[in-house]
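Participant: Submitted below is the structure of interest, expressed as structure tokens.
The values are calculated or read from the model by the stated rules, or taken from the named source; none is laboratory data. Please read these numbers as outputs of a predicted model, since none were measured by experiment. Reconstructed Cβ throughout: ideal geometry from the backbone, glycine too, with neighbour counts over all protein chains shown.
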Amino acid sequence: MNLAVMASVEVQAWYAAAGAQSLAQMRTAYRPERGLFDRQLKDRAWTATSPAEAVTSSAACMIALRRAGVPPSDLGVDTDRCLSALARALREQRHTGALGLAIWANAVSGGIPFDLFLGMCGCRAGELSGMPARFTTMELAWLLAGTLHERLRTESQALTELIAIATTALLRRQAPSGLFLHCERGAPAWTRLRRHVATFADQIYAIQALAFMVLAEAPPAAFDAARRCARAVAELQGDRGQWWWHYSPQRGSVSRRYPVYSVHQYGMAPMALMAMSRAGCCDRIERAWSGLRWLDDNELGIQMLDTDARTVWRDIELSEPKRRKLLRDCAEVAGLAGDDSVHPPLRVNYETRPYEWAWCVMAGAQVRSLPGPGHLA
């Protein structure tokens, strides 16, 4: 299915303009001396990302560059140095949740052999089978996506078994509503406490990973789970195309609307739904484009794509005191909070992280139906 034909001229033009700006900003975000994409815009000014953000964003940037067919060297990036720095940072921070993204980046970059890369990340192949139970659903989906892409270049029984473990773990988290829980009962205490508060990232990365699984193996269970979740989030989408932030899988409802993140609108939702369309398990592809409306037609009536700043600003969020936000968080975890359809004034968060530029570039490559060697979709 040619997604470039399905996407309107306006959609393709939007991605062409935003993608060019994103590539330029990715170049600025990369620091050669560290080998990582660890600079971001915050309050309209350049600053360092958090250490954990540097790991996830660097992996996302390498994935997106390869998917778009852009040589990393065009941005001044040394691939080997970046992958080694990524593995080292993941090991030093013990940021195992980002392991799947790192595996994915290394695989599509034709990087370090799998077992050696795991060792550089501070992991052993035998340890991976116990990780899915501790991961959030987003992190588990990353692990499934990463290992599926690694298997395109590595034949390994251990890798095949890990893919099966990750797939089974992901499928058992799906509630009858079609939405995925945030984690399993075996997760660390704080994560387990908010098990019933699932994020949009939990849903959309799960959809994407299951679409990859369908493309790789076509199991009926993955096909069905991806479609059920896509239908559930599509039915809950806002009247301006908003992909909301928090969901109650047990109730099949939205538990918190804000922030509405721009990257959900132009990046993560289109990436996942286009992967589903390619896998033949999507009847919601029009939703991939409807979310773009919000970037212009949003609650504040502003253009989230800022051509002067050469970025799309991060989100529109509630303007409320930190104390009130904390109370809202606690109530939601306790299962006492309804949705926030009645909300305080809203404001723009003038921030952009490197992974947001990366997912814009990647979604744009899918819109244009670029071949993307080494990628499943």
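Participant: Select from the range 165-179 the residues that are more than 20 Å from the chain's Cα centre (by Cα) and surrounded by 14 or more Cβ atoms within 10 Å (Cβ to Cβ) and list them in ascending order.
Facilitator: Ile165, Ala175, Ser177, listed by residue number.
Participant: Another question, then. Got a sec? Which of Arg251, Arg293, Arg231 is under 26 Å from Leu171 (Cβ atoms), charged (D, E, K, R) and assigned to a helix (DSSP H, G or I)?
Facilitator: The unique qualifying residue is Arg231.
Participant: Shifting gears a bit: With respect to Ala269, determine if the residue is under 21 Å from Tyr355 (Cβ atoms), assigned to a helix (DSSP H, G or I) and of a type in the set (A, V, I, L, M, F, W, C).
Facilitator: yes
Participant: Suppose we filter His182, His149 for residues that are modelled with pLDDT of 95 or more, under 20 Å from the mean Cα position of the chain (by Cα) and in a loop (DSSP other than H, G, I, E, B); which single one remains?
Facilitator: One residue alone meets the criteria, His182.
Participant: Considering the range 203-224 alone, what residues qualify as being more than 18 Å from the chain's Cα centre (by Cα) and assigned to a helix (DSSP H, G or I)?
Facilitator: Val214, Leu215, Ala216, Glu217, Pro220, Ala221, Ala222, Phe223, Asp224 - these are the residues of the range 203-224 that are more than 18 Å from the chain's Cα centre (by Cα) and assigned to a helix (DSSP H, G or I).
Participant: Only residues that are within 21 Å of Met271 (Cβ to Cβ) and aliphatic (A, V, I, L, M): list them for the range 78-111, please.
Facilitator: Hits for the range 78-111 are Leu86, Ala98, Leu99, Leu101, Ala102, Ile103, Ala105, Ala107, Val108.
Participant: Which residue pairs have Cβ atoms under 9 Å apart, sit 6 or more places apart or on different chains, and have a first residue in the range 205-222 that is at pLDDT below 95 and a second that is among the small types (Gly, Ala, Ser) and part of a helix (DSSP H, G or I)?
Facilitator: Ala218/Ala279
Participant: Additional query: Of all residues in the range 20-58 being among the aliphatic types (A, V, I, L, M) and under 19 Å from Gln93 (Cα atoms), which is farthest from the chain's Cα centre (by Cα)?
Facilitator: Ala48
Okay, residues lined up against (1) surrounded by 16 or more Cβ atoms within 10 Å (Cβ to Cβ); (2) touching a residue at least 12 places away in the same chain (Cβ under 8 Å):
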| residue | (1), (2) |
| --- | --- |
| Ala24 | no, yes |
| Leu41 | yes, yes |
| Arg44 | no, yes |
| Ser50 | no, no |
| Val55 | yes, yes |
| Gly69 | no, yes |
| Gly76 | no, yes |
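Participant: Of all the residues that make up the range 272-284, how many are surrounded by 19 or more Cβ atoms within 10 Å (Cβ to Cβ) and assigned to a loop (DSSP other than H, G, I, E, B)?
Facilitator: Of the residues in the range 272-284, 3 are surrounded by 19 or more Cβ atoms within 10 Å (Cβ to Cβ) and assigned to a loop (DSSP other than H, G, I, E, B).
Participant: Still on this model: What tally of residues in the range 89-126 results from selecting those that are of a type in the set (Lys, Arg) and either buried (at least 24 other Cβ atoms within 10 Å of the Cβ) or farther than 12 Å from Ala52 by Cα (or both)?
Facilitator: Qualifying residue count for the region: 1.
Participant: For Thr191, state whether it is modelled with pLDDT of 95 or more, β-branched (Val, Ile, Thr) and assigned to a helix (DSSP H, G or I).
Facilitator: no
Participant: A further question follows. Filter the helices (runs of 4 or more DSSP H) completely within the range 4-121 down to those with at least 3 residues that are out of contact with any helix residue (DSSP H, G or I) (no Cβ under 7 Å at 6 or more places or on another chain) and at pLDDT 95 or above.
Facilitator: Because the criterion is at least 3 residues that are out of contact with any helix residue (DSSP H, G or I) (no Cβ under 7 Å at 6 or more places or on another chain) and at pLDDT 95 or above, the helices (runs of 4 or more DSSP H) in the range 4-121 that meet it are 9-29, 79-93.
Participant: Being in contact with a strand residue (DSSP E or B) (Cβ under 6 Å, 6 or more places away or on another chain) and hydroxyl-bearing (Ser, Thr, Tyr) is the filter here, so list the residues in the range 150-198 that pass it.
Facilitator: none
Participant: Another one. Would you check which residues across the range 127-146 are surrounded by 14 or more Cβ atoms within 10 Å (Cβ to Cβ), within 21 Å of Leu83 (Cβ to Cβ) and modelled with pLDDT under 95 and list them?
Facilitator: Leu128, Met131
Participant: Given the options Thr311, Thr307, name the one that is closer than 30 Å to Ala377 by Cβ, under 23 Å from the mean Cα position of the chain (by Cα), polar (S, T, N, Q) and modelled with pLDDT of 70 or more.
Facilitator: Just a single option satisfies the conditions, and that option is Thr311.
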